[in-house]
Amino acid sequence: MTEPIFQEIETKLGRGTAVRIARDSVASVRAELSTSPAASESEPLTDILSAAGRAYRQELQRGTRRVINATGVVIHTNLGRSPLSKAAIDAVALEAGRYCTLEFDLETGKRGRRGERAESMICDLTGAESAVIVNNCAAAAFLVLRVLASGKEVIISRGELVEIGGDFRVPDVLAESGATLREVGTTNRTKLKDYERAIGENTGLILRVHPSNFRVVGFTETPSNSDLSKLARENGLPLVEDAGSGVLSDLAKFGLADEPIIADSIMDGVDLVMFSGDKLMGGVQAGFIVGSRNLVEKIRRHPLYRALRVDKLAYAAIEATLNAYRRGDHFAELPTLRMLSATRDEIGQRSIRLVKAVESNTGDSLKMDVIDGESVIGGGSAPDVHPPTCLISITKANASAEDLAKQLRLGEMPVIARIEDDRVLLDLRTVFPEEEEELVRAISSLCR
Ligand SMILES: *Cc1c(COP(=O)(O)O)cnc(C)c1O
């Protein structure tokens, strides 16, 4: 273990990992030698050291690392959905990172209530009476159904029995919560009468689910929230809505008119609305439950809330994110909204500048073009919205797009690209301007 590579591994990753990598490297070289003794021209030690170097680099690639998202998918679930604002990052690192006022009141010096500020901010922004925040929207939906409808029937339209992102299926969440599903209407049309006829002795609540990631178009019908809310009220039932994405301000001018605005749902009389914090809200992973004080307090008092609550880092990020809305600066401050609102022309100009910067390093050894294309909202939101964008297309003689994309992923600063028609495509919509220099370096290194 006196070789410098092993010393470096030990310093960076600990003795246990250095020993394991050394053992594995020796074993792999030994196995190689025993099957084809003539295969390697070099000394076994050299082979062992290069095997160890590879294993070390792989180990360094693992875990949570920053990447440059050049896919143009704004809310990219695999890349952590919404990037945080500068203020949210600072709040997490500088306010909540060490000791903080999580459950402490500076005024009285006594215990305070966790989440109070974040909850009152979301109430102000949505017009809701009360709010409680849990781990994510799936947890919010589960908790609400468990507390309000366990052992009872939940009435839901057949058009809203959706699956969102593989492991969140409305019927499964319902079953796990102990509620029974009472489907009404058809896939494309559900009338107020359908809901009305299904109400009985054992009805727990009426549930609406925003069909985030798919659309039924054409001959469709569904009652408005206000009509449903009137029906629910007449029958003494809560109306609950899983809105999916937490839209806090009108995004219609970006084509996102179909996404429910939380304040509208509250105004229309929905008793509880649930939504995510890291989709169109542009904040951190969280599940908001907002609405009537009675119902929210019932949820907060339930023992399961303790298991699903969020930590101090999340509260810090949520407060900073909501503060941007409160000041009306959300489009300028929150990366998700800023990226959504970027125009094709802005992205085109940045793309042309970036291509020139790369070409000044690499000459013409890469073939690069700026072409028209479409970005993607992602995160299971607005599947039919494709913001027009400009893409940088990259090809290189004797290299497949797969190879180039892999090289970009495994570079010093990982860059995630799209591949189409054997070209690598980069969409600067989702690249921060301050990342462009790193991106230029990453692309330039493809020539090597
Ligand atoms: C995304 C989504 C969820 C799940 O939200 P998470 O925050 O990822 O748990 C639930 N319901 C709807 C309608 C959604 O769009």
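The values are calculated or read from the model by the stated rules, or taken from the named source; none is laboratory data. Small disclaimer: the values here were computed from a predicted structure and weren't measured. Methodologically, a virtual Cβ is constructed for each residue, glycine included, from the backbone with ideal geometry; neighbour enumeration extends over all protein chains shown.
Could you identify the single residue in R423, R418, R409, R448 that is among the basic types (K, R) and modelled with pLDDT under 95? Before the answer, list the steps.
Numbers: R423 fails: modelled with pLDDT under 95; R418 fails: modelled with pLDDT under 95; R409 fails: modelled with pLDDT under 95.
Just a single option satisfies the conditions, and that option is R448.
Being in a helix (DSSP H, G or I) and in contact with a Gly (Cβ under 9 Å, 6 or more places away or on another chain) is the filter here, so list the residues in segment 143-159 that pass it. Steps first, please.
Initially, segment 143-159 is screened for residues in a helix (DSSP H, G or I), giving 143-149, 158-159.
Hits for segment 143-159 are L143, L145, R146, L148, A149, R158, G159.
Being under 22 Å from S82 (Cβ atoms) and part of a helix (DSSP H, G or I) is the filter here, so list the residues in segment 229-266 that pass it.
Step one: list which residues in segment 229-266 are under 22 Å from S82 (Cβ atoms), which gives 241-265.
Within segment 229-266, A252, K253, F254, I262, A263, D264, S265 qualify.
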* Asked: What pairs can you find where one residue is in segment 60-82 and over 13 Å from Q285 (Cβ atoms), the other is at pLDDT 95 or above and among the acidic types (D, E), and their Cβ atoms are less than 8 Å apart, with a gap of 6+ or different chains?
  -> I68/E435; I68/E438; A70/D427; T71/D427; G72/E374; G72/D427
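Within segment 370-392, can you find the residues that are more than 16 Å from the ligand (Cβ to nearest atom) and among the aliphatic types (A, V, I, L, M)?
At the first step, the residues of segment 370-392 found to be more than 16 Å from the ligand (Cβ to nearest atom) are 370-375, 386-392.
Once the filter is applied, which keeps residues that are more than 16 Å from the ligand (Cβ to nearest atom) and among the aliphatic types (A, V, I, L, M), segment 370-392 yields V370, I371, L391, I392.
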* When the residues of segment 100-124 are filtered to those that are in contact (Cβ under 8 Å) with a residue 12 or more places away in the chain and surrounded by fewer than 19 Cβ atoms within 10 Å (Cβ to Cβ), which remaining residue is farthest from the ligand (Cβ to nearest atom)? -> C100
* Structure fact -> Residue count, segment 346-379, condition within 25 Å of the chain's Cα centre (by Cα), closer than 18 Å to F432 by Cβ and surrounded by fewer than 19 Cβ atoms within 10 Å (Cβ to Cβ), comes to 1
* When segment 192-228 is examined, which residues are found to be small (G, A, S), away from the ligand (no atom under 16 Å from the Cβ), assigned to a loop (DSSP other than H, G, I, E, B) and closer than 20 Å to V273 by Cα? -> S224
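Picking from A320, A382, A332, which residue would you name as being of a type outside the set (D, E, K, R), surrounded by fewer than 16 Cβ atoms within 10 Å (Cβ to Cβ) and within 30 Å of D124 (Cβ to Cβ)? Write out each step before concluding.
Details: A320 fails: surrounded by fewer than 16 Cβ atoms within 10 Å (Cβ to Cβ); A382 fails: surrounded by fewer than 16 Cβ atoms within 10 Å (Cβ to Cβ).
The unique qualifying residue is A332.
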